[in-house]
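Below is one structure; the comments refer to it alone.
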Amino acid sequence: MVGPILVTILVPILVGFLMGPWPLTAYTAYLLAVTASSVTLASIQFNTGGTLDNAKKIVEEGTYGSKGSITLAAVVLGDTFVDPLMDNSGPSLHILVKHQNIKSITLLPLIIRFGLNLFQ
């Protein structure tokens, strides 16, 4: 987990200060990719959580087994695994996207003033 966090913190800073403000326009593609992949991942995780929660309710009603069956034990285990994933991953991905965008906008005046502009 340290590696991805360092990438999200250091990439915009290094790109801006080493290459100047104009390569940050290419960095906008990175921001778009972060946003698109986060939305996709969050929707998959939310749908998985809802599906396993519904599967648990269906099995508890007696459709594919009943209380005390192996099927119910498997579905409860899956639901237990997915609940934290569903509850925590979406908000944390939202924070990642906001962090990337706010950091890029906030550092832009410093990058314009103190950037090395290696491509000029």
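The numbers here are math on the coordinates, done by the rules we state, and not lab data. Since the structure is predicted, the reported quantities are computational estimates derived from the model, not experimental observations. Please note: Cβ atoms are built from the backbone with ideal geometry, for glycine as well, and neighbour counts cover all protein chains shown.
What to note about this one:
- Given charges at beta-carbon only (K, R positive; D, E negative), |dipole| of the chain in Debye: 480 debye
- Couplings for the stretch 101-109, taken from phi via the Karplus curve 6.51 cos²θ - 1.76 cosθ + 1.60 with θ = phi - 60°, read 5, 5, 5, 5, 5, 5, 7, 4, x Hz in order; Gly and Pro are left as x.
- Per residue, the convex hull spanned by the Cα atoms of the stretch 2-114 amounts to 92 cubic angstrom.
- In degrees, nearest ten, helix 2-19 long axis to first principal axis of the chain (Cα): 20 degrees
- Here the contact order of the chain, divided by its residue count and restricted to Cα pairs under 8 Å and six or more residues apart, works out to 46 percent.
- Degrees between helix 23-60 axis and first principal axis of the chain (Cα, 0 to 90, nearest 10): 10 degrees
- Using θ = phi - 60° in the Karplus curve 6.51 cos²θ - 1.76 cosθ + 1.60, the 3J(HN,Hα) couplings for the stretch 95-100 round to 5, 4, 5, 5, 4, 4 Hz; x is entered for Gly and Pro.
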